[in-house]
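What follows draws every value from the coordinates through simple rules; no lab data is involved. Here the structure is a predicted model, which is why all the values come from computation and not from measurement. Every residue, glycine as well, gets a Cβ built from its backbone with ideal geometry; the counts of neighbours run over all protein chains shown.
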Amino acid sequence: MHSTDNAATTSDMPGQASRQEKIASGVRQALPVVLGYIPVGFAFGVLGAKVGASVFNVVLMSVLVYAGSAQLIAAGLLAAGAAPLTIIVTTFIVNLRHMLMSASLAPHLRNMSKWEQALFSFQLTDESFALHSGRFQDPHGPAAKAETFALNVTAHCAWVFGSWLGVTASTLIADVRPVGLDFALPAMFIALLVAQTHSRLQLCIGLGAGLLSTGLLLAGVNQWNVILATVIAAALGAYLEERWTNERCC
Amino acid sequence: MDQRTLLLTILGMALVTYIPRALPALTLSSRSLPGPVRRFLSFVPVAVLSALLLPSLLAPNAQLDFSGSNIFLWVSLILLPICIKTRSFFGTVAMGMGLVALARWLFGV
């Protein structure tokens with residue numbers, strides 16, 4: 001009797017309560033990204049101030065472009081006095097890898113409206129992809145939209161906040177290196193890679209992609225290396241998997 | 001570059017960043033993809049995450065660095081078996097940051 005009473009009172013507003021829990025869970029999952037984004041965003045903001053960009057433009061770039069490595073490269077190009085077109089083309093090449101990430105997540109976005117898909121894509125970064133590609137594989141059913149967007153908005157806010165802090169208060173904050181904050185994102189990538197490597201073939205493909213990407217970087221292919229290595233390794237993985245399954249059944 | 005030109009450059013950057021991010025999600029989500037494409041995409045997460053991570057560990061300044069001062073690499077090698085054993089997401093991140101801080105404090109690198 002008591003238990004049914006309790007159930008009745010707690011399920012007064014089931015939708016709202018679980019929605020809040022989903023949002024809280026999304027914010028929580030974004031925490032490592034927040035820890036990583038604030039210092040990197042900060043570094044970008046400091047660079048932006050150094051190359052003479054206004055506070056408005058620095059924050060605008062973090063809101064609209066929202067891509068760490070491309071923004072840092074753009075700041076470097078600005079410092080070198082590059083032309084606008086050079087910066088835009090470089091940004092395009094550096095960020096082209098998101099196309100693969102977007103394609104890989106696409107089948108999991110079926111329950112979203114076009115507007116939600118458009119918003120989701122706007123906040124697709126290496127780090128949010130890393131988290132979502134793990135979350136969307138969850139066998140317990142599709143990930144809640146509230147959780148997905150809470151995670152994305154939290155990470156985006158951290159990036160914008162870090163950039164703003166960097167461009168306005170570059171002298172206020174000491175170096176983050178002593179606390180190891182600059183390792184938050186690499187550590188997160190390690191954890192997510194381990195969680196997403198389900199087979200020996202995937203392990204080999206992952207290692208191959210990483211080594212190829214490093215090799216290409218050393219060979220001077222420094223803006224195409226990630227996307228080239230990913231395409232080659234994933235294609236090889238698909239080919240080998242197909243051949244092996246065919247061999248097993250025939 | 002003056003602030004107005006910079007503003008236009010930022011808008012251009014935003015556009016060329018957004019299109020590759022949104023196009024596949026908007027066009028591929030509603031159709032079922034052929035088997036080989038699905039297979040290819042199933043390898044993308046592991047491949048792209050590793051292609052991003054490994055160069056930053058092995059060649060942080062675009063040069064192979066196996067010296068003792070490449071803390072990220074050595075901490076990662078310690079972290080990997082711990083992560084495989086514990087499977088803890090937050091534990092791995094916290095321990096990684098802790099080990100990096102500790103190594104810097106101990107060795108002053």
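Per-residue shielding of A:116-126, expressed as the average number of other chain Cβ atoms within 10 Å of the residue Cβ, stands at 4.
Take the Cβ-Cβ distance between residue A:111 and residue B:62 as r, set R0 to 30 Å, and report the resulting FRET efficiency rounded to the nearest 0.05. All intermediate terms of the calculation are to be shown ahead of the outcome.
Numbers: r = 42 Å, r/R0 = 1.40.
The value I calculate is 0.10.
Each Lys and Arg contributes +1 and each Asp and Glu -1, all at the Cβ; summed about the Cα centre of the protein assembly as shown, the dipole is approximately 420 debye. Label positions at residue B:23 and residue A:86, each projected 7 Å from the Cα along the C-beta direction, are separated by 2.6 nm. Peptides B:94-105, B:77-88, A:100-111 ordered by packing proxy, namely the average of other Cβ atoms within 10 Å per residue, highest first: A:100-111, B:94-105, B:77-88. For segment B:1-63, applying the loop criterion from DSSP together with a ceiling of 16 other beta carbons within 10 Å to the trypsin sites (Lys or Arg not before Pro) yields B:31.
Excluding same-chain neighbours fewer than eight residues apart, the lysines reachable from residue A:145 by a Cα-Cα span under 30 Å are A:22, A:114. Any chance you could check the Cα centroid distance between segment A:54-89 and segment A:94-134 for me, in angstrom? The distance from the Cα centre of segment A:54-89 to that of segment A:94-134 comes to 22 Å. Segment A:21-92: D in µm²/s via Stokes-Einstein (Kirkwood Rh, Cα pairs, 20 °C, 1.002 mPa s)? Translational diffusion coefficient: 161 µm²/s. Note on chain A: helix-only mean residue ellipticity at 222 nm, from DSSP H runs of 4+ residues weighted -39500 (n - 2.57) and normalised by residue number, equals -24500 deg cm²/dmol. Pairwise inverse Cα distances across chain A, averaged and inverted, put the Kirkwood hydrodynamic radius at 20.4 Å.
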